[in-house]
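Read through the structure below, which is laid out as structure tokens, and then see the notes.
Here, each number is a calculation from the coordinates, and none is a lab measurement. All figures in this text were calculated on a predicted structure; none of them were measured in a lab. With ideal geometry, Cβ positions are generated from the backbone for all residues, glycine too; neighbour counts draw on all protein chains shown.
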Amino acid sequence: MSVKIKQLRVDRAKAVAEARAIMDDETKPIAERQVGFDAAMKKADDLKKEIDALERLDDMEKELGNRTDISARLRGISKEQQEAENAAQNDAFGTYIRYGMSALNEEQRKIAAPRMVQPQAAQSTGSQTAGGYMVAPGFWATMESAQKAFGGMVDPNIVFLFDTDMGNELPIPTDNDTSNEGALVGENPPAVPEQDVTLGQVMLNAYTYTSKLVRVSNQLLQDSAYPLESWLAEKLGTRVARRVNRDLTTGDAASKPQGVTVGSVAGKVGATGQTLSIIFDDLIDLEHSVDPAYRNGARFMMADDSLKIVKKLKDGEGRYIWLPGTAIKEPDTILGYQFTVNQHMAVMAANAKSVLFGAFKKYYVRRVTNPLVMRLAERFADQNQVAFVMFQRWDGKLIDAGTNPVKHYANSAT
């Protein structure tokens with residue numbers, strides 16, 4: 001697969017070179033150059049998507065293998081035993097999806113018992129009409145990968161993503177001692193000066209998200225050859241991930257996460273007239289508005305429409321500041337920094353916070369493990385359908401102890 005990825009990267013580099021040659025050809029009208037540039041860059045972007053998908057598949061295969069191996073070693077069993085247990089758990093969950101709890105055999109019930117949730121109707125002791133299940137490890141791994149692939153704000157390579165078993169309030173301690181320095185004293189000083197350290201905390205909660213209902217026909221449920229688990233994982237997981245990514249990007253912290261753009265502060269505001277644009281000097285100013293302590297491992301984040309504008313910027317020597325990665329797993333860069341495309345970022349417009357830069361590892365994303373999948377067997381029985389719905393709890397905040405690890409570029413108001 002790496003040979004194929006290498007060839008795709010070569011093809012992408014050629015497409016980028018073609019786009020730049022078109023844009024630099026001043027013998028043609030700008031409108032004509034723009035059309036050619038956009039076509040060549042679309043080809044490059046399509047190749048990038050294919051490269052990313054293949055590399056993500058490689059990473060997932062390694063991750064799942066490592067996860068199984070680590071789990072086996074922690075439990076003191078063989079990798080083969082762990083794989084057999086995972087298969088049994090997935091089989092039990094697949095049976096639950098298709099036929100409900102009543103269809104589980106004795107062995108499957110033993111597996112399901114620690115994970116089973118049987119919800120009651122609110123304020124009621126009546127009969128139960130729905131079953132719940134804490135999803136099995138294999139299903140969870142599939143759903144997790146779908147979330148990682150969406151948006152960027154739930155990617156542990158970008159933000160600080162961690163799991164908790166419970167959803168109680170979680171204080172993150174902070175301190176800001178950056179304005180204090182040591183003191184110079186003479187020989188045998190009468191007393192050493194004192195200076196307290198200012199402490200604080202940021203509180204993480206756990207807000208509940210739902211996939212909304214997904215209805216499935218009983219005919220499909222009964223088709224055991226269909227990979228229903230992966231299909232359901234994609235539908236439920238991606239729905240939740242899409243909304244979570246939106247709130248982790250722009251959430252106002254009112255009964256929801258604090259989005260990273262909301263937690264950031266202004267690093268650069270565009271000059272009058274730059275309501276739809278950004279210039280090379282703005283990116284330099286934004287970069288240096290972030291303290292050097294946060295610039296090691298920092299990155300840019302923006303929507304794809306903003307990236308399209310940035311890709312055309314050149315430095316004072318006429319060199320493009322966006323550079324495509326050509327080696328295996330080498331990332332594209334802007335001013336030497338990696339970047340993330342996040343479609344929930346604001347596109348360039350008056351007053352828009354359209355570009356972020358800084359240490360995104362200071363953005364903490366808290367995920368409560370084990371999403372709950374519920375099977376509603378009777379609600380749509382008259383239509384020969386079963387409905388599924390997923391619930392999962394998340395929160396996120398920029399952990400700013402006082403020196404602003406992430407800052408934004410805001411387009412001009414006029």
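Observations on the model:
- Dipole axis of the range 206-289 (+1 Lys, Arg; -1 Asp, Glu on Cβ), positive-most option in 238, 265, 218: 218
- Part-to-part distance (alpha-carbon centres) for the range 200-222 and the range 1-61, which is given in Å: 36
- Exposed loop sites here mean GluC sites (Glu not before Pro) with a DSSP loop assignment and at most 13 other beta-carbon atoms within 10 Å; the chain contains its longest site-free run at 27-168.
- Beyond 19 Å in Cα-Cα separation lie the following of the pairs 256/397; 312/362; 4/43; 212/235: 312/362.
- Estimated inter-spin distance, residue 351 and residue 34, nm [label 7 Å along Cα→Cβ]: 2.7
- At full extension, residue 253 and residue 319 could sit 19.7 nm farther apart than now, given 0.36 nm per residue minus the alpha carbon distance.
- Ranked 27, 238, 249, criterion: other C-beta atoms within 10 Å, fewest first: 27, 238, 249
- When Rg and Dmax are taken over the Cα atoms of the range 334-414, they come to 20.5, 60 Å.
- Quotient of C-alpha Rg and 2.2 N^0.38 Å, computed over the range 289-370: 1.24
- Cα gyration tensor of the chain - equivalent ellipsoid semi-axes, whole Å, descending: 43, 32, 22
- The residues 299, 56, when put in order of fewest to most other Cβ atoms within 10 Å, stand as 56, 299.
- Going by neighbour counts of Cβ atoms within 10 Å, the residues 344, 288 line up, fewest first, as 288, 344.
- The modelled label-to-label distance for the pair residue 27/residue 277, using points 7 Å beyond Cα in the direction of Cβ, is 2.7 nm.
- Taking every alpha-carbon pair within the range 153-222, the share separated by more than 16 Å comes to 76 percent.
- Hypothetical label at residue 208: residues of the range 162-182 whose amide nitrogen lies under 19 Å (7 Å Cα-Cβ projection): 164-170
- Separation in nanometres of the label points that stand 7 Å from Cα toward Cβ, at residue 295 and residue 102: 6.7
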